[in-house]
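To keep things clear, I will list the structure first and then write my remarks on it.
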Amino acid sequence: MKKFLTVLVAVMLLALLPMQVWAAGSASVSGPDVVRPGDTITLRFQAGGGIYGGSGSVSFESSQLTLVQDYSASIGSPWVVEFAGNNFVFYDNSMAAPINGTQTIFTATFRVSASLEPGTNVKVSFNGVTLSDGQSDSAVGTKTYSVTIAEPLSNNANLKN
């Protein structure tokens, strides 16, 4: 009976100890709402939700967009962001500083082709995005930035009455 009570008390104490539970990791991409032919745009890849790392790849239509500034890490030590072509991986090198909220991981700067017609849809996809909480990986799929090209600004500087 004493052994049973000891085990029961131990189980109850373990149940009462605070447990750290993370929400599922998430990722997103953001950029400007209005884009015109010839514009330079910067996209931000963001992730969070109790993660210690992630990976994926970037794809875009090279006839519409040109990468003018390589992918640039936006998160500092102990985090590491690495790129190989259009593939990326990011991780907490110390496994001590998870991203609990949402944070920008890296940016990419593109030039929009000056020959694009207004109404053309332009997309940059972050494919096969996988996030890790340090114990298991979660596939969060493809995250896409999409915008419709707006009319160019008028170069008519004449004033009317």
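Residue check: is Asp92 more than 16 Å from Thr130 (Cα to Cα) and over 14 Å from the mean Cα position of the chain (by Cα)?
no
Does Gly119 meet the test of being open to solvent by 30 Å² or more (accessible area, probe 1.4 Å), more than 30 Å from Arg36 (Cβ to Cβ) and touching a residue at least 24 places away in the same chain (Cβ under 8 Å)?
So Gly119 fails the test.
Could you say whether any residue in the stretch 139-151 is open to solvent by 70 Å² or more (accessible area, probe 1.4 Å), hydrophobic (A, V, I, L, M, F, W, C), farther than 20 Å from Ile99 by Cα and not in a strand (DSSP E or B)?
Among the residues of the stretch 139-151, not one is open to solvent by 70 Å² or more (accessible area, probe 1.4 Å), hydrophobic (A, V, I, L, M, F, W, C), farther than 20 Å from Ile99 by Cα and not in a strand (DSSP E or B), which makes the answer no.
Suppose we filter Ser63, Ser28, Ser57 for residues that are more than 20 Å from Gly128 (Cβ to Cβ) and modelled with pLDDT of 95 or more; which single one remains?
When all the criteria are applied, what remains is Ser63.
Find all pairs meeting these conditions: Cβ atoms under 8 angstrom apart; at least six residues apart or on different chains; first residue within the stretch 85-112 and touching a residue at least 40 places away in the same chain (Cβ under 8 Å) and part of a loop (DSSP other than H, G, I, E, B); second residue open to solvent by 50 Å² or more (accessible area, probe 1.4 Å) and of a type in the set (D, E, K, R).
So the pair list comes out as Pro98/Asp133.
Return the residue satisfying two criteria in turn: it lies in the stretch 114-128 and is of a type outside the set (S, T, N, Q) and farther than 27 Å from Pro98 by Cβ, and of such residues it is nearest to the chain's Cα centre (by Cα).
Lys123
Just to be sure before I move on: is Leu131 open to solvent by less than 50 Å² (accessible area, probe 1.4 Å) and either farther than 13 Å from Val58 by Cα or more than 15 Å from the chain's Cα centre (by Cα) (or both) in the structure I sent?
Criteria met by Leu131.
Being at pLDDT 95 or above and not in a loop (DSSP other than H, G, I, E, B): is that true of Gly119 here?
no
For Gly128, indicate whether it is assigned to a loop (DSSP other than H, G, I, E, B) and at positive phi.
no
Quick check, is Thr102 under 30 Å from Ser154 (Cα atoms) and open to solvent by 20 Å² or more (accessible area, probe 1.4 Å)?
So Thr102 does not fit the description; no.
Every residue in the stretch 68-84 that is open to solvent by less than 50 Å² (accessible area, probe 1.4 Å), in a strand (DSSP E or B) and under 25 Å from Gly134 (Cβ atoms), please.
Tyr71, Trp79, Val80, Val81
Which residue, of Gly101, Gly76, is at pLDDT below 95, within 14 Å of the chain's Cα centre (by Cα), of a type in the set (Gly, Ala, Ser) and under 24 Å from Gly25 (Cβ atoms)?
Gly101
Among the numbered conditions (1) buried (at least 17 other Cβ atoms within 10 Å of the Cβ); (2) over 15 Å from the mean Cα position of the chain (by Cα); (3) within 30 Å of Pro37 (Cα to Cα), tell me where Arg111 comes up short.
All conditions are met except number (1).
The values are calculated or read from the model by the stated rules, or taken from the named source; none is laboratory data. Everything numeric in this text was worked out from a predicted model, so none of it was measured. Here Cβ is always computed from backbone atoms with ideal geometry, including for glycine, and neighbour counts include all displayed protein chains. Keep in mind that these areas ignore ligands, DNA and RNA; they rest on the heavy atoms of the full protein, side chains included. Shrake-Rupley method; radii C 1.70, N 1.55, O 1.52, S 1.80 Å.
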